[in-house]
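**Q** Structure provided below as structure tokens; questions to follow.
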Amino acid sequence: MKKRIAFIAAGALVLSVGIYFSTKLWAEPAAQPQAPAQTRIGILNLGYVLKNYTKVTTYTEEMKGHFTQFDAALKAKKDLVEGRTKQLQDPQYASQKEALEKEVKKLQREMEDMNNEMKKFVATKTDEQMVTVYKDIQEAASRYALGHNLDVVLTHIDAVNDADLLSAGNVMSKMQQRACMPMYYNKSMDVSKDIVEALNKNFQPPAKPATTTTTTSPTGH
């Protein structure tokens, strides 16, 4: 009798456990398959950014100013060389020939030194500006990506307008190896304009030096 009761009790326990798990399975819906992870990508046209970033324009104007000063100083030296060369050909300066020749050689060496110094200056300045601009773009792209939930921002260099898009030069460049050259992409992925706006918003151009005017007396003193 005791064995029968124990058997019935054990059977009731198994049945109750089965009912519990059955109701549990019915109560909890089957797990839904998860959607595949999606990667959000932004496309950044460095050509567009470099053309429209105000700091790049400022750097370009600064370099033009340096070239203007250099050209003016070099032209002054050239004019002196031409003047002394003409004097060497003039019989009335025959007694000063040796001094004039020395001066011409001295001026030519100075012109050569000026050229070398200008090349060195341009190379150093260009490197500094290039690194600065790259860091600006990189930081702006990072801020934009974090603010717009982008996983990655890919850069490429392409034409900045439709007229140049299929130009021979641009197409030839496309046929060569380029990093991240998309054959097609949704235009909404292009974040170049937004990056430029962020860069220009944060850039404060240097203040222009105040211009001063001088007056002279009627006698020129």
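**Q** I need a count of the residues in region 185-217 that are among the charged types (D, E, K, R), assigned to a helix (DSSP H, G or I) and at pLDDT below 90.
**A** Taking region 185-217 and keeping what is among the charged types (D, E, K, R), we get 187, 190, 193-194, 197, 201, 208.
Imposing the further condition that a residue be assigned to a helix (DSSP H, G or I) reduces the set to 187, 193-194, 197, 201.
Filter once more, so that each one left must be at pLDDT below 90: 187.
Looking only at that region, the number is 1.
**Q** For the structure I just gave you, tell me whether K55 is surrounded by 11 or more Cβ atoms within 10 Å (Cβ to Cβ) and at negative phi.
**A** Here the answer is yes, as K55 does meet what is asked.
**Q** Considering only residues that are surrounded by 14 or more Cβ atoms within 10 Å (Cβ to Cβ) and either within 53 Å of the chain's Cα centre (by Cα) or among the aliphatic types (A, V, I, L, M) (or both), which ones fall in region 89-101?
**A** L100
**Q** Is one or more of the residues making up region 169-177 under 15 Å from N45 (Cβ atoms), touching a helix residue (DSSP H, G or I) at 6+ places or on another chain (Cβ under 6 Å) and modelled with pLDDT under 90?
**A** There is at least one residue in region 169-177 that is under 15 Å from N45 (Cβ atoms), touching a helix residue (DSSP H, G or I) at 6+ places or on another chain (Cβ under 6 Å) and modelled with pLDDT under 90.
**Q** Could you pull out the residue among A145, A76, A94, A99 that is in a helix (DSSP H, G or I) and touching an Asp or Glu at 6+ places or on another chain (Cβ under 9 Å)?
**A** Among A145, A76, A94, A99, only A145 is in a helix (DSSP H, G or I) and touching an Asp or Glu at 6+ places or on another chain (Cβ under 9 Å).
**Q** Which residue out of D162, D158 is modelled with pLDDT under 95, in contact with a strand residue (DSSP E or B) (Cβ under 7 Å, 6 or more places away or on another chain) and charged (D, E, K, R)?
**A** D158
**Q** Between R40, R109, which is of a type in the set (D, E, K, R), more than 23 Å from N200 (Cα to Cα) and in contact (Cβ under 8 Å) with a residue 40 or more places away in the chain?
**A** R40
Residue-wise test of (1) within 30 Å of I41 (Cα to Cα); (2) in a helix (DSSP H, G or I).
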position: D113; (1), (2): no, yes
position: V122; (1), (2): no, yes
position: T132; (1), (2): yes, yes
position: K135; (1), (2): yes, yes
position: A140; (1), (2): yes, yes
position: N149; (1), (2): yes, no
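**Q** Same structure, new question: Mind checking which pairs have a first residue in region 64-80 that is more than 17 Å from A123 (Cα to Cα) and a second that is of a type in the set (D, E) and exposed (fewer than 11 other Cβ atoms within 10 Å of the Cβ), Cβ under 7 Å, 6 or more apart or different chains?
**A** none
The values are calculated or read from the model by the stated rules, or taken from the named source; none is laboratory data. Keep in mind it's a predicted model, so treat the numbers as computed, not measured. A quick note on method: Cβ atoms are made from the backbone with ideal geometry, for glycine too, and the neighbour counts reach across all protein chains shown.
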